[in-house]
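A.B. asks: Below: one structure in structure tokens.
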Amino acid sequence: MNTKLLTAILLGSSVLCSAGAAFAQDATLTIESWRNDDLAIWQDKLIPAFEAKNPGIKVVFSPSAPTEYNAALNAKLDAGSAGDIITCRPFDASLDLYTKGKLADLTSLPGMENFSDVAKSAWTTDDGKATFCVPMASVIHGFIYNKDAFDKLGITPPATEEEFFAALDKIKADGTYIPMAMGTKDLWEAATMGYQNIGPNYWQGEEGRLALLKGEQKLTDAQWVEPYATLAKWKPYLGDGFEAQTYPDSQNLFTLGRAAIYPAGSWEISVFNTQAQFKMGAFPPPVRKAGDTCYISDHTDIGIGLNAASKNPDAAKTFLSWVASPEFAEIYANALPGFFSLNSTPVKMADPLAQEFVSWRDKCKSTIRSTYQILSRGTPNLENETWVESANVINGTDTPEVAAKKLQDGLDSWYKPAK
Amino acid sequence: MTATSANKRPFRWHIAIFLAPAVLVYTAIMIMPLFGTLQLALFRNVSQSQVFVGLDNFRTLFGDPNWSVNFWNALRNNVWFFIIHMLVQNPIGVVLAALLSSPKLRFSAFYRTAIFIPTILSFVIVGFAWKLILSPLWGVAPNLLDLIGLKSFFTPWLGKEEYALTTLGLISVWQFIGIPMMLIYAAMLSIPDEVIEAAECDGVTGMAQFWKIKLPLILPAIGIISILTFVGNFNAFDLIYSAQGALAGPNYSTDILGTFLYRAFFGFQLQVGDPNMGAAIATMMFLIILVGVCIYLFLIQTRLRRYQF
């Protein structure tokens, strides 16, 4: 009985499906993505907005699990069964697909002019000639603080490094709060929330990053070592046993109101909004001297590109141009506070914390994480080593100079910059 | 006569048929992948195609300091991990088995079960539970130490380079103590009562009885346990991965061959996986274990005296 029923259902559904396919004469675009968290946002907000403007094009969002995405996508692309639109991981994973001819060149796509070179850097060939994905969103680094704690202790958000350490001293002297919630157990916190967060102020953002790529600067130069020296000074302000404190520990310490300052990435905003019972504010990485230009890490994270084997390239390009438009940016940025549109047109956002983060783009210069483009292609892997050394510096295992020398030696062993 | 009987006896197909399922399954899921790995280690990916490079991957592994430093570090850590097990797990296992086999002990079935339970827990649960227990923020370890006035002894063990590996070794001992205990317990139960009674008649009792009668009789079991521990430790990966992550922090101090292999083979974060180098490391692990097992089989096991009752 059960088998019969099952067979009937299967038969019925297959008939219905084929019927549906037969009647759908419009172009149907399928989006491959790893953001299964965003399914509702795409189905309820983004796709209806697009379809309303572009009758005749249907869009289906079909995400897979983040950890399986790269492997699944590669297999589908090889088999020719991948969707028309491909969500792009930043840097080498997507560059690899482009050089294999799986992603189409989008350099001349209408709408691309809405993005700056930094925004496009994650999906541009090494020579900067071709761009193959539309930048969708980035994450910004900074510090989130407990506003109630700051008010109680009479601290204003620090603008310079001196004020920053003065504030930390004050919180520590008061003793109610742990000055800063960060641990070194998971290593990447120290590198991503620490080194890459404050570093751009030292190496002057893109200027230093590109000089490093060209081989004009070395990781042993003062501007790359000093962020480590500053990180080492954070040690006394971290909680007891920070060496064994994990990333979720840090998040909980802050959202439970036990810590005053949290070195953050903007992706924390939506989580913190639901968990923290106190008011929160944010400040950008403090500059070294009052009046210095400030730099922020505005790291490109998600892009979207065109499957070179797509059967509906024109419809897909229409869709991608729409993704490049300010209209998409506004819907997306508001649905996901903390994932900021890379569009040059300013986007209105309702979330105050997200507004604060994105406002730094106007007064500071943006850059991306220094280790992501090209420099993490060899062995030893610079990004992994940066995790380990950043944690070492905070733990006091290595001095900043030793850490920098190890990283540069590792890089020198395989990276020969073109001069 | 012999010729005719050989002619009469047909080929015994049933032996081959009965062996076939096990041989086929074992070949398909163990032997083929093993040779596949050995073969993979001799190739290298050059512009999207696999090229035979002989022993070049091993030359890189031992000659290039970027690889060799990590390899020797992982091997050293692995040896230490093994030493902890041999020094802590197996002696405690013997003691527990001796206590359990004592006829005067009450609730021995309860103790046996309780001590064995961690062995059947998943690594992920053990790693996560101990991370929480030892957490300086929410863990029970600092409070428990505080109760007995030893708060000053507490440090974030899993985060300190000098303690992390030893701590993980002890966690692993805690988890697997049940196996040596059970094997030795079984070996002790199989000692015939006559032998014990004869010893008692000769005035060998108590501790002397344990050292002179029981221990020699369970030595083969201890040998088996040592080799199981050796193979298990040099294949270990899960506990380190679940407690410390693939980078085996802090500062690679808990990196063992398994985690090193994982990073090389599958890659990690921005590091792209290199199956060929990974296979080279896996081959080294295979050889280390092979040598260890051979030493045991040919040098130790042949010299162990066996007693027939």
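Quick note: the coordinates plus some simple rules give every number you see, no bench work behind them. Remember, it's a predicted structure, so these values are computed and weren't measured experimentally. Counting neighbours? That spans all protein chains shown, and the Cβs are built from the backbone with ideal geometry, glycine included.
A.B. asks: If I filter region B:187-202 for residues that are within 30 Å of the chain's Cα centre (by Cα), more than 14 Å from chain A (Cβ to nearest Cβ) and buried (at least 19 other Cβ atoms within 10 Å of the Cβ), do I get at least one hit?
C.D. replies: yes
A.B. asks: Moving to a separate point now. For the condition away from every other protein chain (no Cβ under 12 Å), outside any loop (DSSP other than H, G, I, E, B), over 17 Å from B:Ile92 (Cα atoms) and in contact with a helix residue (DSSP H, G or I) (Cβ under 8 Å, 6 or more places away or on another chain), what is the one hit in B:Ile218, B:Ile222, B:Ile240?
C.D. replies: The conditions single out B:Ile240.
A.B. asks: Looking at B:Leu165, B:Leu137, which one is farther than 30 Å from B:Ile227 by Cβ and either out of contact with any Lys or Arg (no Cβ under 8 Å at 6 or more places or on another chain) or within 14 Å of chain A (Cβ to nearest Cβ) (or both)?
C.D. replies: Only one candidate passes the filter, namely B:Leu137.
A.B. asks: Inspect all residues belonging to region B:31-41 and state whether any of them is within 12 Å of chain A (Cβ to nearest Cβ) and polar (S, T, N, Q).
C.D. replies: No: zero hits.
A.B. asks: Considering only region A:273-281, I want to know if a residue exists there that is crowded, with 23+ Cβ neighbours inside 10 Å and either more than 19 Å from the chain's Cα centre (by Cα) or in a helix (DSSP H, G or I) (or both).
C.D. replies: no
A.B. asks: Conditions: (1) more than 14 Å from chain A (Cβ to nearest Cβ); (2) surrounded by fewer than 20 Cβ atoms within 10 Å (Cβ to Cβ). B:Gly258 meets all but one. Number of the miss?
C.D. replies: So the condition that B:Gly258 fails would be (2).
A.B. asks: Being under 19 Å from the mean Cα position of the chain (by Cα), surrounded by 16 or more Cβ atoms within 10 Å (Cβ to Cβ) and farther than 29 Å from A:Gly208 by Cα narrows it down to one of A:Ser266, A:Ser270, so name that one.
C.D. replies: Exactly one residue qualifies, and that residue is A:Ser270.
A.B. asks: If A:Thr399 passes every condition in (1) of a type in the set (Ser, Thr, Tyr); (2) under 20 Å from the mean Cα position of the chain (by Cα); (3) within 14 Å of chain B (Cβ to nearest Cβ) but one, which one does it miss?
C.D. replies: That leaves (2) as the condition not met.
A.B. asks: How about region B:11-83: which helices (runs of 4 or more DSSP H) wholly inside it have at least 3 residues that are over 18 Å from B:Phe265 (Cα atoms)?
C.D. replies: Filter on region B:11-83 gives B:13-26.
A.B. asks: Now, a different point. Considering region A:241-257 alone, what residues qualify as being in contact (Cβ under 8 Å) with a residue 40 or more places away in the chain and part of a loop (DSSP other than H, G, I, E, B)?
C.D. replies: A:Gln245, A:Thr246, A:Gly257
A.B. asks: Which helices (runs of 4 or more DSSP H) does region A:142-231 wholly contain that include 1 or more residues that are within 30 Å of A:Phe339 (Cα to Cα) and among the small types (Gly, Ala, Ser)?
C.D. replies: Helices (runs of 4 or more DSSP H) meeting the threshold: A:147-153, A:161-174, A:206-214.
A.B. asks: While we're looking at this one, here's another question. If you check every pair at least six apart or on different chains, which have Cβ atoms under 7 Å apart with a residue in region B:140-161 that is closer than 27 Å to B:Tyr241 by Cβ first and a residue that is assigned to a loop (DSSP other than H, G, I, E, B) and acidic (Asp, Glu) second?
C.D. replies: Cβ pairs passing all conditions: none.
A.B. asks: What about A:Ala232, is it in contact with a Gly (Cβ under 9 Å, 6 or more places away or on another chain) and within 12 Å of chain B (Cβ to nearest Cβ)?
C.D. replies: No: the conditions fail for A:Ala232.
A.B. asks: With the requirement that a residue be part of a helix (DSSP H, G or I), closer than 22 Å to A:Ala122 by Cα and more than 14 Å from chain B (Cβ to nearest Cβ), what does region A:360-396 give you?
C.D. replies: Passing the criteria: A:Trp360, A:Arg361, A:Asp362.
A.B. asks: Run A:Thr293 past the list (1) away from every other protein chain (no Cβ under 14 Å); (2) β-branched (Val, Ile, Thr); (3) farther than 17 Å from A:Tyr195 by Cβ; (4) in contact with a Lys or Arg (Cβ under 6 Å, 6 or more places away or on another chain) and report the number of the one that doesn't hold.
C.D. replies: In the conditions (1) away from every other protein chain (no Cβ under 14 Å); (2) β-branched (Val, Ile, Thr); (3) farther than 17 Å from A:Tyr195 by Cβ; (4) in contact with a Lys or Arg (Cβ under 6 Å, 6 or more places away or on another chain), A:Thr293 misses (4) alone.
A.B. asks: Scan (1) aliphatic (A, V, I, L, M); (2) in contact with an Asp or Glu (Cβ under 9 Å, 6 or more places away or on another chain); (3) surrounded by fewer than 21 Cβ atoms within 10 Å (Cβ to Cβ) for the single condition B:Leu158 breaks and write down its number.
C.D. replies: In the conditions (1) aliphatic (A, V, I, L, M); (2) in contact with an Asp or Glu (Cβ under 9 Å, 6 or more places away or on another chain); (3) surrounded by fewer than 21 Cβ atoms within 10 Å (Cβ to Cβ), B:Leu158 misses (3) alone.
A.B. asks: Further, regarding this structure: Working only within region A:397-407, note down all residues that are surrounded by fewer than 19 Cβ atoms within 10 Å (Cβ to Cβ) and assigned to a helix (DSSP H, G or I).
C.D. replies: Passing the criteria: A:Glu401, A:Val402, A:Lys405, A:Lys406.
A.B. asks: Test A:Tyr228 against the criterion of being surrounded by 21 or more Cβ atoms within 10 Å (Cβ to Cβ), under 23 Å from A:Ala350 (Cβ atoms) and either under 24 Å from the mean Cα position of the chain (by Cα) or hydrophobic (A, V, I, L, M, F, W, C) (or both), and give yes or no.
C.D. replies: No; evaluated as a whole, the condition is false for this residue.
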